[in-house]
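Derivation of every value follows stated rules applied to the coordinates shown; laboratory data play no part. Remember, it's a predicted structure, so these values are computed and weren't measured experimentally. As a convention, Cβ positions derive from the backbone with ideal geometry for all residues, glycine included, and neighbour counts pool all protein chains shown.
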Amino acid sequence: MERTACLEVNALPLQMLLRSHPEWLALPTVVVDHDKPQGVIQWANEKAHAMRILPGMRYAAGLAIARDLRGGVVDDAEIDAAVELVKRRLWSFSPRIELSDREPGVFWLDASGLQHIYPCLNSWTRQIRADLLDVGLHSSIAVGFTRFGSYAAAKAVSTSIVFLSPEKERAHVDDVPMDRLALESYFRDALYKLGVRTVGAFIRLPPSGIRKRFGVEAEALHQLARGEGWTPLEPVSIDEPVECITEIEWPERDLERLLDLVAKSLQSILAKLSERHERLKTIRLTLRLDDGTELNEEVSPAAPTWDAQQVLTLLRLRIETLAISAGVVEFELRAVGIRYYHQQQALFQQAPLQNIEAAEKAFARIRAALGHDAVLVARLRDGHLPEARYTWEPLETLRIPNPSTVACRPLVRRLYTPPVALPPCDRHEPDGWLVAGVSEGPVEEVIGPQKITGGWWVREVSRAYHYVRTRSGRWLWIYYDHYRRRWYLHGELQ
């Protein structure tokens, strides 16, 4: 019979936060999405759970329950790095591993057929937990017969548990509290009001009313808990990198000769990837110089490829930006590939109006020349102040635009970062003010003020925003800062 294991690195983001603040170990601690009173709690430790401070609550609500509550934000890049570390260590214990796309730190492992390597599954779980403890990560693991059963058990135990039969798994899972599962706050609170505190009570709810009352996701969870929503394990591919180290007899400073040596090593790497039916996804170049310094650079083509010339062009652009202080005595190429599957070509192909492939190649060259953060895209987010309502993130994939037809094209507000300080204004209102200089003329129309106050949890803010139109027709977005007692230009309508 197939065995499925679920491992949870107990509240992984919370463990990362407590690494940075070990003095919070004895206090109720939470991870929030934003370090503000209105930030939403995402993970809570056992002390916070005992006080009914649960994920989905506002940080301010948690502070109202426990005055000594501590909270912080954990960067997504730090979480991704920790997940990658755990994934690579788990490959030493099972070749088939699936990562949860909803909860960082939750993994499913194929525990079947390991009896020839480990004396028993209890020994296997102990070795996994000990291995993760070596890198400072506490975990729990449950070995069962179903995906949901092992998941629910892993969320409720502090060490490890191995079920000997499906009946014992079901009996144990029935007693697991529902607040241990990763549920939406409204769904968890609704179940709590109905007196549904355990998985067993949740399973006993009539299936016909779940979707109507709680939605599609709740219905899918109910089916999974009843054993009707079985899905096979979807393991991630093992992406072992291909490495090539080349020693240079004499320190090399000439770029062309260095690139010639890199090209020969690159051909060898691409040949190895081809044998594994993989295309190059990312390549990392390490230059070791004669003065003992080491330079590390990484480039990624627009799409996984076997084109050596394309990769070499990106490496050239990257190397040309480096300040090489001495000759290169050794370099290392480390490539990560991705599995390639041959696809049937379409009989009729329609060329899109936008050449996405050409744009991706152009962006790859820009990243190689200027760095990975040179190509960014704006993402909306919750924020109180206008400058906090968006953030810049690296553009990973380019999508074909799908604009909609509108009868009246809206004006676009262009923000200045930081806001531009304006010369003093004698009057309280900006009407008649030469806000943009003599050439633009005085202000002839004013819309406002629109007041924004807040920020008392960090630094109090009080602003009065105005839209002003100059005689030349420019619409400017300005505000008066009551605490700084000065006018600022924050944007312009175009």
Filtered GluC sites (Glu not before Pro), the stretch 355-405: DSSP coil and at most 13 other beta carbons within 10 Å
396
Need the list of lysines near residue 264 for cross-linking: C-alpha distance under 25 angstrom, and skip anything on the same chain fewer than eight residues off.
272, 281, 361
Please work out the ratio of the alpha-carbon Rg of the stretch 184-241 to 2.2 N^0.38 Å and round it to two decimals.
1.48
Farthest toward positive dipole pole in the chain [+1 Lys/Arg, -1 Asp/Glu at C-beta], among 374, 437, 178
178
Given the convex hull over the Cα atoms of the chain, what projected area results after averaging over all orientations, in nm²?
34.3 nm²
Can you tell me the dipole magnitude for the chain around its Cα centre, using point charges on the Cβ only (Lys, Arg +1; Asp, Glu -1), in Debye to the nearest 20?
1920 debye
Among 91, 300, 165, whose Cα projects farthest towards the positive end of the dipole of the chain, with charges put on the beta-carbon of Lys, Arg (+1) and Asp, Glu (-1)?
165
Under unit Cβ charges (Lys, Arg +1; Asp, Glu -1), what dipole magnitude, rounded to 20 debye, does the stretch 413-493 have relative to its Cα centre?
260 debye
Obtain the radius of gyration and the Kirkwood radius of the stretch 86-195 from its C-alpha atoms and give Rg over Rh.
0.99
Enter the per residue convex hull volume of the stretch 124-257, computed from alpha-carbon coordinates, in Å³ rounded to the nearest integer.
224 Å³
Chymotrypsin sites (Phe, Trp or Tyr not before Pro) restricted to DSSP loop in the stretch 265-341 with at most 13 other C-beta within 10 Å
341
Return the whole-Å distance between the Cα centroid of the stretch 259-306 and the Cα centroid of the stretch 367-406.
29 Å
Hey, what D do you get for the stretch 4-169 in µm²/s if you plug the Kirkwood alpha-carbon radius into Stokes-Einstein at 37 °C and 0.692 mPa s?
197 µm²/s
Kirkwood hydrodynamic radius of the stretch 100-143 from all distinct Cα pairs, in Å?
11.7 Å
Just want to confirm a number: the relative contact order over the stretch 4-169, from Cα pairs under 8 angstrom separated by 6+ residues, in percent.
27 percent
Would you work out the charge dipole size for the stretch 24-105 about its Cα centre, treating the Cβ of every Lys and Arg as +1 and the Cβ of every Asp and Glu as -1, and quote it to the nearest 20 debye?
320 debye
Once every Cα of the stretch 1-68 carries one equal point scatterer and solvent is ignored, give the base-10 log of I(q)/I(0) from the Debye formula at q = 0.12, 0.17 Å⁻¹, two decimals.
-0.33, -0.59
Please report, largest first and rounded to whole Å, the three semi-axes of the ellipsoid equivalent to the stretch 190-305, where each semi-axis is the square root of five times an eigenvalue of the C-alpha gyration tensor.
58, 17, 12
Restricting the stretch 1-63 to GluC sites (Glu not before Pro) in coil, as DSSP defines it, with at most 14 other Cβ within 10 Å:
2
P(r) histogram, all alpha-carbon pairs of the stretch 413-493 included - 5 Å bins from 0, percent:
3, 15, 26, 28, 16, 7, 3, 1, 0
